[in-house]
């Protein structure tokens with residue numbers, strides 16, 4: 001049901017979805033992020049960045065993916081932080097999001113992350129993101 005709300009861009013629905021980003025219940029935060037991305041609602045960018053940076057965030061990968069789908073450059077610094085310091089799954093998703101946003105300021109941090117990365121899946125995501133950003 002939450003995901004379906006993403007098809008109805010409305011300020012009230014957006015506000016409810018934003019409030020659910022920090023939910024600790026099951027998949028609620030992830031689904032709220034997906035619905036916000038489906039709305040293409042730029043007012044969700046800052047709350048998604050905030051949720052991405054929460055130390056106890058369970059859904060960083062979903063938040064990073066949503067930020068990539070929204071394509072707003074305000075998310076680039078937060079996504080670069082994820083590429084540098086998070087788990088390999090989150091690093092991969094953040095790299096893909098950075099490529100989707102297309103901001104060249106991500107090239108150097110992605111190169112640095114690639115030079116230090118040991119996980120093959122993440123190396124592939126970093127490499128693909130770099131190729132997209134450099135062309």
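Coordinate-derived values only; no laboratory data. Because the structure is predicted, anything quoted here is derived from the model rather than measured. Here the Cβ is made from the backbone with ideal geometry for all residues, glycine too, and neighbour counts use every protein chain on show.
Worth pointing out:
- Computed [θ] at 222 nm, deg cm²/dmol, the chain (DSSP H ≥ 4; -39,500 (n - 2.57); rounded to nearest 500): -20500 deg cm²/dmol
- Against the chain, whose longest principal axis comes from its Cα atoms, helix 60-70 is set at around 80 degrees.
- Label-to-label distance, nm, for residues given as residue 50 and residue 108 (7 Å Cα→Cβ offset): 3.0
- Ranked packing of 93-105, 114-126, 43-55, most packed first, by mean Cβ within 10 Å: 93-105, 43-55, 114-126
- Nearest 10 degrees, 0 to 90: helix 88-101 Cα axis against the chain principal axis: 80
- Read-out semi-axes √(5λ) of the Cα gyration tensor in Å, derived from the coordinates shown; its label in (1) 28, 17, 14; (2) 44, 30, 10; (3) 26, 15, 11: (3)
- Residue ranges 66-74, 12-20 sort as 66-74, 12-20 when ordered by packing (mean number of other C-beta atoms within 10 Å per residue, highest first).
- Computed E for residue 135/residue 27 - FRET, C-beta separation, R0 30 angstrom, nearest 0.05: 0.25
- Angle between the chain longest axis and helix 120-133 axis [Cα atoms, degrees, rounded to 10]: 90
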